[in-house]
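Read-outs throughout are calculated quantities, based only on the coordinates presented, and are distinct from any laboratory measurement. Not measured: the values here are computed from a predicted model. As a convention, Cβ positions derive from the backbone with ideal geometry for all residues, glycine included, and neighbour counts pool all protein chains shown.
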Amino acid sequence: MKFFFQIFLCCFFIVFSHSMTKAEKSDEKQQTSEKRKPNHLIGAQSPYLLQHLYNAVDWHPWGEQALKKAKKENKLIFISVGYSTCHWCHVMARESFENTEIGKYLNEHFISIKIDREQRPDLDNQFMLVTEAMTGTGGWPNSVFLTANAKPFHASTYLPPDQLMNTLKQIVKLWQTEQATLLEQSEQVANGINRYLNRTEAARNITPEVIVEALQMVTKNKDDFNGGFGVAPKFPQEGALSFLLDQATRGDKNSLDIAMAALDGMIKGGIHDHVGGGFHRYSVDESWLVPHFEKMLYNQALIGKLLVRAYALTGKERYKQTAARLFDYVLRDMQDKNGGFYSAEDAESYNEEGKKKEGAFFIWSQEDMTKAQIDNNSVLYKTFPLTENGNFEGKNVLHMQDLPNDIAKSLRLSLTEYYKKLNSGLDKLKQARDKRKHPHKDIKIIVSWNAIMIEALAEASYILERKDYYKAARKAANYIKQNMMKKDDLYRVSFNGNIGIKAQLGDYAGFGLALLALETYAPNDKTDKSNIKIAKQIADELQQRFGKPWSNETAPLRITEIEDGLGAYPPLDDNPIPSGNALALKLLNALAQMNGKPMRQKQSLALASTLSGHALSNPQMRGVLVNAVNSTNNGNTGFVRNTAKGNVKVALKLNRATNQASLKINIKPGWHINSNKPLENYLIPTEIKLYDNNLTQEYYPKAQVKALAFNKEKLSLYEGKLNINITLPKTKKSTSHKLTLNLQACSNKICLQPENLEFHFWQ
């Protein structure tokens, strides 16, 4: 990935004879230790940091106090980055950080600093890049060694205790004998990382040919057999799938097929928590079978949105069912009573013997099924093949042997009957599973993660017709407004009602987008003016807070308001959620579409130009950024859109069971669009086409014929709200439809340019 760093570092780091080994299962026996006093993490507003409060290691939180102490005492710095639901973080803590000998050695020779990657993604990204550059791989816990000047010179991920101790001793020896060399090399590393993070890319025009090139880059590593991309460990790669589905909404069937193959693989696999709903973070194998069992809020939001989009495009019941169970899980298990959404659930949980094991909460034996009163001939058994020896730790990770519609067909059941029986069985399993000890839940509330969940729920409320989803999204947004905004400042994390860490670019831009999503999908178009006001305020402050004062105003926005760690840099990768710059561009573009202000259009076009080269240089990791740039230049997609500079809102609703499509058009007061048959030839008619054929007269509502203040001649026009119900032709399965709406909006003073909206979907 980063060959430059690997080449210039190899001569220096060859002095370390060890190499990072792959994490292997250990017996995870916790070191016995005397009762200790709390370390410097006392008072931390982080579940992860508090998990290490009584370690043998005298941990410090990241900050000036610890860094100054290291410099004053001329001590090396040991950075350990992780998060509270990280399995291998727990393993390393039990094996090493609870180990009295290791703790004593670290306390004598190092200033040890713990960082919660979810609180500080800016630091996490920097130190992970260091590790990737030095080792060719990455992961958590991330272990990085810095000089007393806080510059990195060595890194690895998980290390077994013996290997960690050997590494510590070698590093201390080098610091004692080769300090000048280490200082010089660490400066080179820090400067090289900073240059890489702030590299520039020339702007590129977003042409159809460029999009084809980006699609080829994204799909070159696709797994034609299992769906998704790459090999084990296998991640959903939601950003890449988002890019594919965006292209599908523009009519690209091949992109739809690749995205569906990935979603279908995940729906069938063990990465899908069939019993409780939602998805685990990734699969340890390439077939989606055995997951790494932690469940993150951001995965639920991003995958949930993909499922909703896939259902809107195709009408496939499996996407609707899976999305509904996912969101139901989030509302049931991950929402605080005050509205905010929790961050994650742990991979580890207690088994029958009272020992913490990865996945214990989620796996099943045949005996477990019998105790849950699941009949051997039930739909559940036909859906999920179980074996006596299991597929993980002697038990079974539930996975579907086929897609639901194929299983229903084999059982001679209608799809409705199949899901009724399946869901009944899954509910029984859930009742049985709820008697087990639940995994640890990280209850901190992160703005950017909540923001993408609010967006996903708002859209799901419209597509899936679930008002409770919108209500939950609005409640979460209100929690952030009331508890995590102080004056003009937004705070990133709330933990037990306490805030303290300033929000970053992704928090600001993401929350602005979430507020606009609430307005876009508001039931009956009932808007909350405060949402739009705050979103505008956020957009106005982006450049002031996150712009680079030493560069021109169209430079990418940096991740934080102040420099920290190895320096300021712009976030560009969708890792693990859409980048702050992608969200910022989406926010500016959404506001431009909603209010049509020339300033907003200028801002979004300028930022899109700046980001275009970055987006297209790595579309595999920047699919959301590609979408944002493409939409800014070539128009938005989706079933609900603002057009005519925000003066007209258009919403498409499909009922495939009755072959009906409904086009709802809401025109702001003081504006109108011409009817389908204007009274003057020079006026642009409102036209709806299906398959490039005009709808017949009977489909259009009755027009108003009236004179307006600017013209004594009468006009045939539409004002206010109108619905146009369209009967779709009966077709074979997987037939593509293109519905177009052409309109021109006018007020009493001006007429805007005609606009043409395209909606693509499959029946």
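What are the ³J(HN,Hα) values, in whole Hz, obtained from phi via the Karplus relation 6.51 cos²θ - 1.76 cosθ + 1.60 with θ = phi - 60°, for each residue of the stretch 557-562 in sequence order, with x given for Gly and Pro?
Those phi angles translate into 7, 7, 6, 10, 6, 10 Hz.
Averaging the inverse of every distinct alpha carbon separation and then flipping it gives the Kirkwood radius. What is it for the stretch 348-438, in angstrom units?
Values: mean 1/r = 0.0720 Å⁻¹.
Taking the inverse mean of 1/r over all distinct Cα pairs, the stretch 348-438 comes out at 13.9 Å.
By counting other Cβ atoms within 10 Å of each Cβ, how are Tyr196, Tyr311 ranked from fewest to most? Kindly include the intermediate steps, with their values, before the conclusion.
On the way: Tyr196 14, Tyr311 23.
Going from least to most buried by this count: Tyr196, Tyr311.
So which chymotrypsin sites (Phe, Trp or Tyr not before Pro) in the stretch 512-592 end up in coil per DSSP with only 16 or fewer other C-beta atoms within 10 Å?
In loop regions of the stretch 512-592 (DSSP not H, G, I, E or B), the sparsely surrounded chymotrypsin sites (Phe, Trp or Tyr not before Pro) are Trp550.
Ranked by Cβ crowding within 10 angstrom, fewest neighbours first, how are Tyr381, Tyr418, Tyr105, Tyr158 ordered? Intermediate values should be presented prior to the final figure.
Values: Tyr381 15, Tyr418 22, Tyr105 18, Tyr158 25.
Fewest-to-most Cβ neighbours within 10 Å comes out as Tyr381, Tyr105, Tyr418, Tyr158.
What relative contact order, as a whole-number percentage, does the stretch 250-349 give when Cα pairs under 8 Å and 6 or more residues apart are counted?
25
Using mean Cβ contacts within 10 Å as the protection proxy, how do 505-517, 231-243, 205-217, 466-478 order, highest first? Let's see the in-between values first.
Numbers: 505-517: 27.8, 231-243: 21.8, 205-217: 14.8, 466-478: 19.9.
Packing proxy ranking, top to bottom: 505-517, 231-243, 466-478, 205-217.
Could you tell me the relative contact order of the chain? Use alpha-carbon pairs under 8 Å, at least six residues apart, and round to a whole percent.
Working: 1460 pairs, mean separation 75.1, N = 763.
Once normalised by length, the contact order is 10 percent.
Under the rule of -39500 (n - 2.57) per DSSP H run of 4 or more residues, summed and divided by the residues of the chain, what mean residue ellipticity at 222 nm is obtained, to the nearest 500 deg cm²/dmol?
On the way: 24 runs with 321 residues, N = 763.
Value at 222 nm, helices only, nearest 500: -13500 deg cm²/dmol.
What is the fewest-to-most order of Val275, Val705, Val626, Val640 by other Cβ atoms lying within 10 Å of their Cβ? Working shown, then result.
Details: Val275 23, Val705 11, Val626 32, Val640 18.
Going from least to most buried by this count: Val705, Val640, Val275, Val626.
Among 134-142, 564-572, what's the highest-first ranking by average C-beta atoms within 10 angstrom per residue? Display every interim value, and only then the final one.
Values: 134-142: 19.3, 564-572: 21.6.
The peptides rank, most packed first, as 564-572, 134-142.
Report the Cα centroid-to-centroid distance between the stretch 247-265 and the stretch 306-365 in angstrom, as an integer.
Here the two parts' Cα centres lie 24 Å apart.
Restricting the count to DSSP beta bridges whose residues both fall in the chain, what percent are antiparallel, rounded to a multiple of 5?
Values: 75 of 85 bridges.
About 90 percent, rounded to the nearest 5.
Just want the answer: with Cβ charges of +1 for Lys and Arg and -1 for Asp and Glu, which residue in Met165, Thr137, Ala522 is farthest toward the dipole's positive end in the chain?
Among Met165, Thr137, Ala522, the one farthest towards the positive end of the dipole of the chain is Ala522.
Convex hull volume of the Cα atoms in the stretch 382-534, per residue, in Å³?
Enclosed volume per residue, from the Cα hull, is 171 Å³.
For Phe341, list long-range residues whose amide hydrogen, built 1.01 Å from N in the peptide plane, is under 5 Å from its own amide hydrogen.
Asp336
Compute the helix-to-body angle for 580-595: its Cα long axis versus the longest principal axis of the chain, expressed 0 to 90° and rounded to tens.
Taking Cα atoms only, the helix is inclined about 20 degrees.
Mean projection of the alpha-carbon convex hull of the chain over all orientations, in nm²?
On the way: hull surface 136.8 nm².
Projected area, direction-averaged: 34.2 nm².
Enter the angle in degrees (range 0 to 90, nearest 10) between the Cα long axis of helix 208-219 and the first principal axis of the Cα atoms of the chain, meaning the one along which they spread out most.
That works out to roughly 40 degrees.
Relative contact order of the stretch 641-762, please, whole-number percent, based on alpha carbon pairs below 8 angstrom and at least 6 residues apart.
Contact order relative to length: 29 percent.
Using only Cα atoms, tell me the angle between helix 64-73 and the longest principal axis of the chain; keep it within 0 to 90° and round to the nearest 10.
30
Please state, as a whole number in µm²/s, the translational diffusion coefficient that the Stokes-Einstein equation yields for the stretch 186-261 at 20 °C and 1.002 mPa s, with Rh defined as the Kirkwood radius across alpha carbon pairs. It would help to have the intermediate numbers written out before the result.
On the way: Rh = 14.7 Å.
Approximately 146 µm²/s, per Stokes-Einstein.
Cα centroid distance between the stretch 428-473 and the stretch 559-638, in Å?
27
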